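For reference, the structure discussed in these notes is given below.
Where a number appears in this text, it was derived from the coordinates with a stated rule and is not lab data. Everything quoted here is computed from the prediction, not taken from an experiment. Here the Cβ is made from the backbone with ideal geometry for all residues, glycine too, and neighbour counts use every protein chain on show.
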Amino acid sequence: MNPRHHLDEATLVSYAAGALSDGMRAVAATHLEACGHCREQLAGAERIGGVLLSQRQPGPEAGGLARLRAEMLARLGTTAQQRAPLGGEASGQEEAAGAPDTDLLPRPLRPYFGKSWRALRWRWTAPGVHMIRAGRPSGDTLIMLKIAPGKSMPVHSHGGAELTQVLKGAYDDALGHFGPGDMADLDCDIEHQPVTSPGVPCICVAALDEPLRFPGWIARKLQPLVRL
Amino acid sequence: MTPNTTRWSLSPFETARAMSTNDPQPKSAEDWAAEMAAVSRRGDRDSFMRIYDHFFPRVRLYLRGLGSPEAVAEEIAQESLLRLWQRASMYEASRGSLATWLFRIARNLHIDRLRQERYWVALPEGAEPAEEAPDEPYSRAESYADHVDLARRIEKLPATQARLIRMSYFEAKSHSEIAAELGMPLGTVKSGLRRAFLKLQVEVCGSAS
C-alpha cells in the first residue's frame, strides 16, 4: 500500500502537538500506520516539539523539586532498566507471529471499533450506505462508512475540519482517485461529490471536528441520513 | 471569548537562552547524548539525575501549559523521566535528540491520561483500552546541527505563524479552537500552520533515511 493522498501539514503539526481531537487523532494515526511519507513528515513536526520543549524556561516558582528529586532517586532503585531489544523492536505482538491477520482492524481504530472486521456491526443508514458510529462521550464524531460500489454521494463542502481515510475499496471525486491508505484531509471550502468505484464497497473511517462554535453543515447534511 | 493577554506577553518562544536557574552550565544535545550513554551502559544515576534536573522542570511546565492540574503535570513529568531511565538502551544519539524523545513520551502520556479520564465509560466489545502512539526514541535521523538550526528557524518565524505554532504545541489547541480564539477563518489557521511547518522543514531531507 503506497498512499498517494496525504495528511495536510497543518494536521501533522497538530498531531505532533497532541492537539487533534480523539477521533481525528485515530484517523490520522490510521493513515500514519500505512504511510511512510507522512511518518517522515511527522518526525519533523515532533522535532519542533523537542526544540520547543528544550527551550522552555521554568521560572523560580517551579516548586517541590527537592521532594520530587528524592522521590525519583528512590524509584530508580526499584525500577529495572530494559535491555536493548534484539533485532529491532516488535511493534505489534499479534502481528509479529506468522502471516498478518486480515481480520484485524488498524490498531488506532481498535479502541473505538474493536479488533475485528468480521465483528463490526454495520447499521443500514441509507440505500447503499452502512455506518458505525464510535461511542463518543465528548467532542468530535468518529464514524466508519461502508458505501456500495458505484454509488454517488451527495455533493457537499466541508464547514469544519474533516479527515477521511480509505480502508477498503475506492472512490473518485474532483480531487482524484482515493484508494486504500489514501487520506482526504480537506480544506473547508472544497465542494465535492465522491463516487465509489465499481467492484467492492468503499469503507472509510472519518472524523469530524465539530466544536459547538461550529454548528456544522455536516450534522445537518447527515442528520436525515444517519441520525446523528 | 476571553483572550488571555498575559499569556501572549511572554516572549515568543521564551527565547533560547541556554541558561536557566537550575542549570549550573548549559549543555548541548551532544552532552545529553553522553549522559544518556552512561545511563544506558552503566545505569549511571548521577548522569540520569543531571538529565532529570534539566528536563523535569521543562516537561512539567509543558504539561501545565496543556492544562494539566499541578499534581497531574508533576506525576506525568515524573513518569516521563522514569521512562528515559527504563528505556535508555533504546536510545541512539545519532538518530535523534533526547528532547524530541522526551517530548513524544510526555505528549503520549498526556493524551493517554486525557483519554482515560474521558473513557472510563465502557469501551465497545473487543476494544483495546490503549491506543497506538509507540514512543520509540526517534523516527528519523536527526543530527545536533538539525536541532540548533531548527531552533534558529523557529525564532525567525513571523509573529502570526509563531503564535499558531505556540498555541498548537504549548496549549494543544485544535485548528478550530485557534480559529475561534483568534477570530480567524479556519482556512487561514491551517495555511498559517502549513507555512510555518514548511519553513521549519527545509533541508532536513538531506540527512539519511
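Things to note:
- Between A:Leu186 and A:Glu162, A:Thr164, the built amide H atoms are under 5 Å apart, and every one of these is 5 or more places off in sequence or on another chain.
- Put simply, the amide H of A:Leu105, placed in the peptide plane, has neighbours under 5 Å in A:Ser116, A:Trp117, leaving out anything fewer than 5 places away on its chain.
- Here the Karplus relation 6.51 cos²θ - 1.76 cosθ + 1.60, evaluated at θ = phi - 60°, turns the backbone of region B:96-110 into coupling constants of x, 7, 4, 4, 5, 4, 5, 4, 5, 4, 5, 4, 5, 5, 5 Hz, with x for every Gly and Pro.
- Proximal charge balance of A:Phe178 [Cβ under 10 Å; K/R count +1, D/E count -1]: -2
- Across peptide B:191-198, the average count of Cβ atoms from other chains found within 10 Å of a residue's Cβ is 5.
- Between B:Thr160 and A:Ala119, the distance separating the two model label sites (each 7 Å from Cα on the Cα→Cβ line) works out to 4.9 nm.
- Residue by residue, region A:8-21 carries 3J(HN,Hα) couplings of 5, 4, 5, 6, 4, 4, 5, 4, 4, 7, x, 9, 8, 5 Hz when phi is fed to the Karplus relation 6.51 cos²θ - 1.76 cosθ + 1.60 (θ = phi - 60°); x denotes Gly or Pro.
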